[in-house]
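Below you'll find the structure, written out as structure tokens, and then a few comments.
The values are calculated or read from the model by the stated rules, or taken from the named source; none is laboratory data. Since this is a predicted model, take the numbers as computed values, not measurements. Positions of Cβ are generated from backbone atoms using ideal geometry, with glycine treated the same way; all protein chains shown enter the neighbour counts. Keep in mind that these areas ignore ligands, DNA and RNA; they rest on the heavy atoms of the full protein, side chains included. Shrake-Rupley method; radii C 1.70, N 1.55, O 1.52, S 1.80 Å.
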Amino acid sequence: MNMGLEGVIAAETVLSDVDGQRGQLTVRGHLLEELAGRASYEDTLSLLFAGFFEDLPDRAELQRALGAARLDMFAHLRHADRALIALDPMDGVRALVARIADGSRLGTAMHLIAAPAVFLAGLCRLRQRQDPVVPDPDLDHATDVLRMMALPASALQARALDAYLVTVADHGLNASTFAARVVASTGSGLVSSVLAALGALKGPLHGGAPGPVLDMLDEIGQPSRASDWVDAALQRGDRLMGFGHRIYRVRDPRADALQAALKSLPVAGDPGHQRLELAKAVEAVALEALRRAKPDRVIQTNVEFATALLLDGLGFERDTFTCVFAIGRVGGWIAHAREQTLTGRLIRPQSRYIGPRAA
Ligand code: ACO
């Protein structure tokens, strides 16, 4: 039996292809390297959504519609009571997304693209006892996310976040996208699909890894301690966050795309680039230790390692990292949910019963 469905083809898609042997990610005919740092998040949405919505507007109109959707979602923040604000940011965002009216048309899609950004920013501000920053519908999504989060939003920083959002927008049939497609296959609406995907993304084996990557770097503290720390972690049977992938058997191409974005960034709070130097040392030590510990399994650096450094460099708090991932990946979830609805069948696998039989 194939536990974890490794290697199982469960859908056909025109959206993206993950080539684990060559370390390539193709998004609708474009290699990631052609998109990240060149196309904007709005361009990428246009690419992903083409053919899946009857009323898909041109690129400029899509940016306007997304800006208007941010304003619509801002109104939902009035439902954020104290209990909701006290939740982990991902749980708070998910609770607010659950209030959006379900549907399958472009308007619902735009609300869902806007929602994680507006809700995360609003909840962070409310947690700091500050008023949420009203979205600016005239800005591009990446710039407005930084603005709403009250983070530095120079053109360089916005470009780096934009490159991140594009890099993570879609990635084959990963766990959260599969969850979105399973729900879409029942005929449920886009909000239900995105809620399922948010739940799947939250786990540390999927989108919850980058916060713990920074915790690991903090605990290690300096390059000379990396080897002992990593060996002790592996001996305890811990997983090293930011390493390993179900499909990539070579370096995750998204890690390289993010390293490029990272290089262009003035890293706040790390003027001597000490954290980057530490990260480089830890990465080398970890890869070597994983090679020794798991000689039969190729374990390489994954996207989350560079994500941690990039989002930290942009000023995001580490408990928001998974939500920032959702701000980008929501585009992929929606495109897959629409593709499943339009071309797929009810997803209903079987389980093998290993419990007792009735006498
Ligand atoms: N550290 C230590 N050991 C590891 C790691 C790691 N990062 N990754 C895999 N292994 C080991 C496992 O313990 C397992 O060993 P065993 O066979 O002796 O039990 C073996 O390698 C295979 O591991 P699986 O979990 O079966 O492999 P899978 O393909 O499911 O792993 C996963 C993928 C879940 C991402 C894994 O590599 C992992 O847990 N990584 C750490 C968490 C992480 O970085 N998550 C982000 C992934 S990227 C993303 O989702 C956007």
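Take the range 39-55 and flag every residue that is modelled with pLDDT of 95 or more and not in a helix (DSSP H, G or I).
Ala39, Ser40, Ala50, Gly51, Phe52, Phe53
Are there any pairs with C-beta distances below 6 angstrom linking a residue in the range 294-321 that is in contact (Cβ under 8 Å) with a residue 40 or more places away in the chain and of a type in the set (D, E, K, R) to a residue that is in a loop (DSSP other than H, G, I, E, B) and open to solvent by less than 10 Å² (accessible area, probe 1.4 Å), with the two at least 6 apart or on different chains, and if so which?
Pairs found: Glu304/Ala209; Glu304/Gly242.
Check the range 171-194 and report whether any residue there is farther than 29 Å from Phe53 by Cβ, open to solvent by 10 Å² or more (accessible area, probe 1.4 Å) and within 16 Å of the ligand (Cβ to nearest atom).
No, that holds for no residue.
Being assigned to a helix (DSSP H, G or I) and more than 8 Å from the ligand (Cβ to nearest atom) is the filter; apply it to the range 287-297 and report the residue that is surrounded by the fewest Cβ atoms within 10 Å (Cβ to Cβ).
Initial filter on the range 287-297 (assigned to a helix (DSSP H, G or I)): 287-293.
Among the residues that remain, those that are also more than 8 Å from the ligand (Cβ to nearest atom) are: 287-289, 291-292.
Working: Leu287: 16, Glu288: 12, Ala289: 20, Arg291: 13, Arg292: 9.
Per the stated criteria, the residue is Arg292.
Cβ-Cβ distance below 6 Å, separation of 6 or more or different chains: which pairs start in the range 344-359 with a residue that is in contact (Cβ under 8 Å) with a residue 40 or more places away in the chain and end on one that is surrounded by 10 or more Cβ atoms within 10 Å (Cβ to Cβ)?
Gly344/Ser185; Leu346/Ser185; Ile347/Val182; Ile347/Ser185
Taking Tyr41 and the conditions (1) farther than 27 Å from Leu156 by Cβ; (2) more than 16 Å from the ligand (Cβ to nearest atom); (3) of a type outside the set (D, E, K, R), which numbered condition does it fall short on, given that it satisfies the others?
(1)
If a residue has to be closer than 23 Å to Ala197 by Cα and open to solvent by 50 Å² or more (accessible area, probe 1.4 Å) to count, how many in the range 112-152 make the cut?
Summing the residues that are closer than 23 Å to Ala197 by Cα and open to solvent by 50 Å² or more (accessible area, probe 1.4 Å) in the range 112-152 gives 0.
Provide a single number: the residues in the range 229-257 that are part of a helix (DSSP H, G or I), open to solvent by 60 Å² or more (accessible area, probe 1.4 Å) and either of a type in the set (Phe, Trp, Tyr) or modelled with pLDDT of 95 or more (or both).
Total meeting the criteria: 2.
Residues to consider are Ala279, Ala226, Ala260, Ala169; find the one that is part of a loop (DSSP other than H, G, I, E, B), in contact (Cβ under 8 Å) with a residue 60 or more places away in the chain and out of contact with any His (no Cβ under 9 Å at 6 or more places or on another chain).
Sole residue among the options that is part of a loop (DSSP other than H, G, I, E, B), in contact (Cβ under 8 Å) with a residue 60 or more places away in the chain and out of contact with any His (no Cβ under 9 Å at 6 or more places or on another chain): Ala169.
Look at Arg59 and say whether it is open to solvent by 50 Å² or more (accessible area, probe 1.4 Å), under 26 Å from Val133 (Cβ atoms) and in contact with a helix residue (DSSP H, G or I) (Cβ under 6 Å, 6 or more places away or on another chain). Spell out how you get there, then give the answer.
On the way: open to solvent by 50 Å² or more (accessible area, probe 1.4 Å): yes; under 26 Å from Val133 (Cβ atoms): yes; in contact with a helix residue (DSSP H, G or I) (Cβ under 6 Å, 6 or more places away or on another chain): yes.
Yes; evaluated as a whole, the condition is true for this residue.
From the list Gly207, Gly199, which one is within 11 Å of the ligand (Cβ to nearest atom), within 30 Å of Leu290 (Cα to Cα) and either touching a helix residue (DSSP H, G or I) at 6+ places or on another chain (Cβ under 7 Å) or modelled with pLDDT of 95 or more (or both)?
Just one listed residue meets the conditions, Gly207.
Could you tell me whether the range 17-34 includes any residue that is under 19 Å from Val145 (Cβ atoms) and not β-branched (Val, Ile, Thr)?
Of the residues in the range 17-34, the ones under 19 Å from Val145 (Cβ atoms) are none.
No, that holds for no residue.
Working only within the range 299-314, note down all residues that are open to solvent by less than 10 Å² (accessible area, probe 1.4 Å), over 20 Å from Pro152 (Cβ atoms) and of a type in the set (S, T, N, Q).
Selection gives Thr301 alone.
Within the range 148-166, can you find the residues that are in contact (Cβ under 8 Å) with a residue 24 or more places away in the chain, of a type in the set (A, V, I, L, M, F, W, C) and more than 21 Å from Ser16 (Cβ to Cβ)? Spell out the reasoning first.
Taking the range 148-166 first, the residues in contact (Cβ under 8 Å) with a residue 24 or more places away in the chain are 148-152, 156-157, 159-166.
Applying the additional criterion that residues be of a type in the set (A, V, I, L, M, F, W, C) yields 148-151, 156, 160-161, 163, 165-166.
Selection gives Met148, Met149, Ala150, Leu151, Leu156, Ala160.
Since Ile220 meets every condition but one in (1) within 21 Å of the chain's Cα centre (by Cα); (2) open to solvent by less than 30 Å² (accessible area, probe 1.4 Å); (3) among the β-branched types (Val, Ile, Thr), which condition does it not meet?
Ile220 satisfies every listed condition except (1).
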